[in-house]
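Visitor: Mind looking over this structure? Questions follow.
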Amino acid sequence: MHDTTDRAMPKPRTMLRRILSHHEIATLLLLLHAPVDLAAKPEIPLLREAGLIEQVNTEQGDTRFQLTEDGNAVLRGLGVS
């Protein structure tokens, strides 16, 4: 007897699972040219979870956020260089 059960194929990993809000896009634009201290912005946890930004520590011990390669790809997709 053959096993005819369809095995679920793993879903391909996608960068975004939802549409970004205008606040999230604005935050990505702020990070385009340099790491910035944006810890108080409410968009930070969602952008980090999506893998679009990452936390970095400066030599002075400050925490900053910068775009990841995926974050840069989102902005390139929007036509921002």
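The values are calculated or read from the model by the stated rules, or taken from the named source; none is laboratory data. As the structure is a prediction and not an experimental result, all values here were calculated from the model. Cβ sites come from the backbone with ideal geometry, for glycine too, and all protein chains shown count toward neighbours.
Visitor: Can you run down the residue pairs with Cβ atoms below 9 Å, 6 or more apart or on separate chains, where the first is in the range 61-81 and without any contact (Cβ under 8 Å) to a residue 60 or more places away in the chain and of a type in the set (V, I, T) and the partner is surrounded by 12 or more Cβ atoms within 10 Å (Cβ to Cβ) and part of a strand (DSSP E or B)?
Guide: T63/Q55; T68/I53; T68/E54; V74/L67
Visitor: So, one more: Condition test on E43, is it among the charged types (D, E, K, R), at pLDDT 75 or above, surrounded by 10 or more Cβ atoms within 10 Å (Cβ to Cβ) and out of contact with any Ser or Thr (no Cβ under 9 Å at 6 or more places or on another chain)?
Guide: On the way: among the charged types (D, E, K, R): yes; at pLDDT 75 or above: yes; surrounded by 10 or more Cβ atoms within 10 Å (Cβ to Cβ): yes; out of contact with any Ser or Thr (no Cβ under 9 Å at 6 or more places or on another chain): no.
No; evaluated as a whole, the condition is false for this residue.
Visitor: For residues that are under 17 Å from G51 (Cβ atoms), touching a helix residue (DSSP H, G or I) at 6+ places or on another chain (Cβ under 8 Å) and either at pLDDT below 90 or of a type in the set (A, V, I, L, M) (or both), tally how many sit in the range 26-40.
Guide: Taking the range 26-40 as the starting set, the residues that turn out to be under 17 Å from G51 (Cβ atoms) are 27-28, 31-32, 35, 38.
Add one more test, that the residue is touching a helix residue (DSSP H, G or I) at 6+ places or on another chain (Cβ under 8 Å), and what stays is 27-28, 31-32, 38.
Keeping just the survivors that are either at pLDDT below 90 or of a type in the set (A, V, I, L, M) (or both) gives 28, 31-32, 38.
Residues flagged as under 17 Å from G51 (Cβ atoms), touching a helix residue (DSSP H, G or I) at 6+ places or on another chain (Cβ under 8 Å) and either at pLDDT below 90 or of a type in the set (A, V, I, L, M) (or both) within the range 26-40 amount to 4.
Visitor: I'd like the full set of residues that are surrounded by 12 or more Cβ atoms within 10 Å (Cβ to Cβ) and of a type in the set (A, V, I, L, M, F, W, C), limited to the range 17-38.
Guide: Scanning the range 17-38 gives L20, I25, A26, L28, L29, L30, L31, L32, V36, L38.
Visitor: Failed condition for G71, given (1) modelled with pLDDT of 90 or more; (2) surrounded by fewer than 16 Cβ atoms within 10 Å (Cβ to Cβ), with all others met?
Guide: Every listed condition holds for G71 apart from (2).
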